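Below: one structure, written as structure tokens.
The values are calculated or read from the model by the stated rules, or taken from the named source; none is laboratory data. Quick caveat, the model's predicted, so the values are computed rather than measured. Backbone-built Cβ (ideal geometry, glycine too); neighbour counts: all protein chains shown.
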Amino acid sequence: MSKVIIETLREEAEKKGLNLSEKEIRAFDVYAAELKRWNSKVNLTAITKDIEIAIKHFVDSLALASYISPEDKVLDIGSGAGLPVIPLKIIKPETIMVSVDAVAKKIHFQRHIIRTLKLDNIEALHTRVEDIHKSYSNFFTVITSRAFTRLDRFVSLAAPLLAEGGVFIAMKGEQADVEITESSELLNFLGFKIINNHRYSLPQNMGERSITILKHREAA
């Protein structure tokens, strides 16, 4: 067990109003251990120190928790090693979630974690987002991405998958405002508008982040 990960995660989750159970804490610890073990053989992430895994991966992912309800159907695009989808699934087991990534080894790892932690109502798909348009047309109430691609391209690729009244949630870094400005014309053409842009700082000076939420103009 990693004392650093457990203590950091518990403390920072409490600051967000999340009281993680011991079962959830153990799940995060197993997730971190398996991430490091797999990463020694296949490249999944450049973040390998316990404190950085706790903050840059887990705590950052949990910033989305308050935006997701048990009734939602969540799609995470370009999820890599399962972020933010698996941390969210650990604390929201009842919510239906689907993860998509085009890199096979990353989906193999996600499936391993899903089996190891016995997570239900979650599917990890090795595919491109364009290839699930027919299967999941207008299905998801929340579509998220964490540094997947430009904001306008993210919305353009995923728009056919969004349910009526659903939202896009893009997790971005320090350049979020620049990207919003550069994407505004295409977003307007696509019929979407930004309804919230929440900026926050990661603990221990580990970076500035932004959560940008978009809705179709008619539903906003």
_Tell me whether the stretch 35-43 contains one or more residues that are surrounded by fewer than 21 Cβ atoms within 10 Å (Cβ to Cβ), within 17 Å of the chain's Cα centre (by Cα) and either over 28 Å from Leu161 (Cβ atoms) or at pLDDT below 95 (or both)._
no
*asked:* Condition check: outside any strand (DSSP E or B) and either of a type in the set (A, V, I, L, M) or surrounded by 18 or more Cβ atoms within 10 Å (Cβ to Cβ) (or both). Does Ala124 satisfy that?
replied: no
*What about Val74, is it out of contact with any helix residue (DSSP H, G or I) (no Cβ under 6 Å at 6 or more places or on another chain), buried (at least 17 other Cβ atoms within 10 Å of the Cβ) and within 19 Å of Ile114 (Cα to Cα)?*
yes
_Those residues of the stretch 164-190 which are buried (at least 17 other Cβ atoms within 10 Å of the Cβ) and among the small types (Gly, Ala, Ser), in sequence order_ = Gly166, Ala170, Ala176, Ser183
*For the stretch 79-138, which residues satisfy the criterion of being free of Cβ contacts under 8 Å to residues at least 40 places away in the same chain and hydroxyl-bearing (Ser, Thr, Tyr)?*
Thr95, Ser99, Thr127, Ser135, Ser137
*Do the conditions hold for Glu218, that is, is it closer than 30 Å to Leu9 by Cβ and acidic (Asp, Glu)?*
no
_Being farther than 22 Å from Met206 by Cα and either out of contact with any Leu (no Cβ under 8 Å at 6 or more places or on another chain) or among the charged types (D, E, K, R) (or both) is the filter here; which residues of the stretch 1-42 pass it?_
Met1, Asn19, Ser21, Glu22, Lys23, Glu24, Arg26, Glu34, Arg37, Ser40, Lys41, Val42
